[in-house]
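Here is the structure we will look at, set down as structure tokens.
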Amino acid sequence: MRVDRVEALVIGGGVTGTGIARDLAMRGFDTMLVEAGDFSAGATGANHGMLHSGARYAVNDPISARECAGESAVLRRIARYCIEDTGGLFIATRQDDPTYLDRFLPACASAGVTAREIGVKEARELEPNLAQDIQAAVEVPDASIDPFFLTLGNVSSARRHGAVVFNHCPLQTLRRKNGAFEAIVGLGEERRTIRSEIIINAGGAWADQITSMVGAHIPLCVDKGSMVVLNGRLVNRLVNRLRPPSDGDILVPHRTGTILGTTSSPGVPKDIRATANEVRYLLNEAMVIVPTIVESRAVRAYAGVRPLLGTGSSGREASRAFQVIDHAADDIDGMISVVGGKLTTFRLMAEKAADLASIKLGRKGSCRTAVEEIVPYDSEASSDLTEEAARLRHGGAWKDVLSERSEPAWAGQGCGCEAVSRTEMAYFAASPDVRDIGDLMRRTRAGMGYCQASLCAVAMISTLGQGVGELQAYYGERWKGTEPVLFGEQLRQEAFKAHLLKVYGIDPSREAGQ
Ligand SMILES: Cc1cc2nc3c(=O)[nH]c(=O)nc-3n(C[C@H](O)[C@H](O)[C@H](O)COP(=O)(O)OP(=O)(O)OC[C@H]3O[C@@H](n4cnc5c(N)ncnc54)[C@H](O)[C@@H]3O)c2cc1C
């Protein structure tokens, strides 16, 4: 069996793990990262995509609020390509405690969050879809961020600085041997041994499963949150309820849709999915702020799991602050776990973890992640993208790296809902990281729009050179998010899709194993 030797092995390719790999590689450490699924397979690919200003946590969780305030400013500098600076509003309705505002404004000020109360009339001018009877409005610098492209940017950056990064490469066993660690990972059919001086566990909700391989334990509770995607943008800014964080109180304008979130209930990091009841609940709650939701089309629902440090507090009360755990205290020197936190604070989490790793590796490397911009993709390789596709999905950063090479003659539209060209599909399909349609979707957004891949999955499968079996597997997996929204226009859409796919013998409602 092939044996690789590295200084640091990072487990988990969410935003935290890829951020750590980027940081360590930039400090000059010989770094490898392994991710069991695709990058963003965990909570990173299943959240609201909200770049928190910190306002949401200002009253109840000031540490997290301050971290978000600082880090959202940093991310606006280093990851501008995947951030849409929408701004945010906190809105009080008749149902909300009017005295909350008196605590909210000073709490924002002390957490370093710029919050400005505006008139109700001004708020309705900014957001014409808001309810007529809103009682108060506060403007804050929240923004929308694309977690998939952020994480892929970390991967590119880590690789550019020398890290070896694998997706679809689960850690299978881990043990200590002669003062170092020996990890067995699966890379396709191959099994590889990796000897590493230190292990950094960024396994999110699975972090305790990873530490338990070497006999340590992290007291985590896992909390499930569900979200609904509506077609089109119903709000221009992020809209939050002006009340303590609770269920169904966020609307995020995100790319071609609006994300409604979220719920909080005890969960397990396995077969995570939203339910039809949760969808109904979220729609009803959001209608209090934006009544026009009643006319909108729910295209998909999904759920993610938060690993909350088990303080005994339930999901909403538990802090969103993070912890870097040195398992030397468990007699496993060289193992570090990073848990909790937010997507917004991932860079800071990575910095603190890499600081501890540097001490353990006996070399001081200084952190440059807050100043060096993330350039999402390799400029040479990206040259086949059309400028239009680049601008739509990847922002100014893509424009900067487009070369004068022209689009191939066969290029055309690949996904109509999300305006993904065949050229863009072909570019990503050629990447060794892309194994299936799901991987291609996460890199292009093809299939994420309102028709939910009724047509473009066929284009994707032909671009990948795969067959009907892979197509069935893709639709079966997507069904988890389709089933809870089978009403209204989306029910008609799904019936149409099922009819179209009959010609291939595909049943989009058949999940794997059925
Ligand atoms: C419902 C919900 C909404 C949220 N909304 C927001 C928001 O709007 N804004 C915000 O800032 N934050 C938000 N968050 C928090 C944010 O999503 C998380 O803080 C962040 O994504 C955590 O990233 P991570 O990399 O630590 O974990 P994850 O993304 O969960 O990554 C862990 C990775 O480890 C991998 N893994 C597990 N076991 C193994 C193994 N044996 N071998 C290899 N890999 C393994 C998993 O496949 C996974 O990809 C939300 C969270 C939830 C649940």
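Which lysines, if any, have their Cα less than 24 Å from the Cα of Lys177, not counting same-chain residues under 8 positions apart?
Cross-link targets: Lys360.
Amide H of Arg300 versus every other amide H placed in the peptide plane: which residues, excluding those fewer than 5 positions away on the same chain, fall under 5 Å?
Val229
Please work through the chain and write down the cysteines that have no neighbouring cysteine Cβ at a distance under 4.7 Å.
Isolated Cys, the chain: Cys68, Cys82, Cys108, Cys169, Cys221, Cys367, Cys417, Cys451.
Nothing charged except the Cβ atoms of Lys and Arg (+1) and of Asp and Glu (-1): what's the magnitude of the dipole of the chain about its Cα centre? Round to the nearest 20 debye.
With Lys and Arg at +1 and Asp and Glu at -1, about 280 debye.
Along the charge dipole of the chain, Cβ charges K/R +1 and D/E -1, which of Ser156, Ser226, Val288 sits furthest on the positive end?
Highest projection toward the positive end goes to Ser156.
Name the residue farthest towards the positive end of the dipole of the range 470-514 from the options Tyr474, Ala498, Gln514, assuming +1 on Cβ of Lys and Arg, -1 on Cβ of Asp and Glu, about the Cα centre.
So the residue furthest toward the plus end is Ala498.
Would you work out which of Leu308, Ser265, Thr275 lies farthest towards the positive end of the dipole of the range 264-353? Charges go on Cβ: Lys and Arg +1, Asp and Glu -1.
Going by the charge dipole, the pick is Thr275.
Packing-wise, with mean Cβ within 10 Å as the measure, how do 213-220, 340-347 rank, highest first?
With the highest mean Cβ count within 10 Å placed first, the list reads 340-347, 213-220.
Shape verdict for the range 50-154, please, from the Cα gyration tensor: rounded (a/c under 1.5), prolate (a/b greater than b/c) or oblate.
oblate
Treating only the Cβ atoms of Lys and Arg (+1) and Asp and Glu (-1) as charged, compute the dipole magnitude of the range 190-237 about its Cα centre; round to the nearest 20 debye.
Rounded to the nearest 20 debye, it is 260 debye.
Just check the range 139-225 against the gyration tensor rule for me: Cα atoms, a ≥ b ≥ c as the square roots of the eigenvalues, rounded for a/c under 1.5, and otherwise prolate or oblate depending on whether a/b exceeds b/c.
oblate
Roughly speaking, what is the stretch gain from Arg94 to Asp333, that is 0.36 nm per residue apart minus the C-alpha to C-alpha distance, in nm to one decimal?
Between Arg94 and Asp333, full extension yields an extra 80.6 nm.
What is the spin-label model distance, in nm, from Phe487 to Asp4 if the labels are put 7 Å beyond Cα along the C-beta direction?
4.8 nm
Based solely on its DSSP helices, what 222 nm [θ] is calculated for the chain when runs of n ≥ 4 H residues each add -39,500 (n - 2.57) and the sum is averaged over all residues, nearest 500 deg cm²/dmol?
Value at 222 nm, helices only: -10000 deg cm²/dmol.
Taken together, the values in this text are just the output of simple stated rules run on the coordinates, not laboratory data. Quantities reported herein were computed from a predicted structural model and do not represent experimental measurements. Counting neighbours? That spans all protein chains shown, and the Cβs are built from the backbone with ideal geometry, glycine included.
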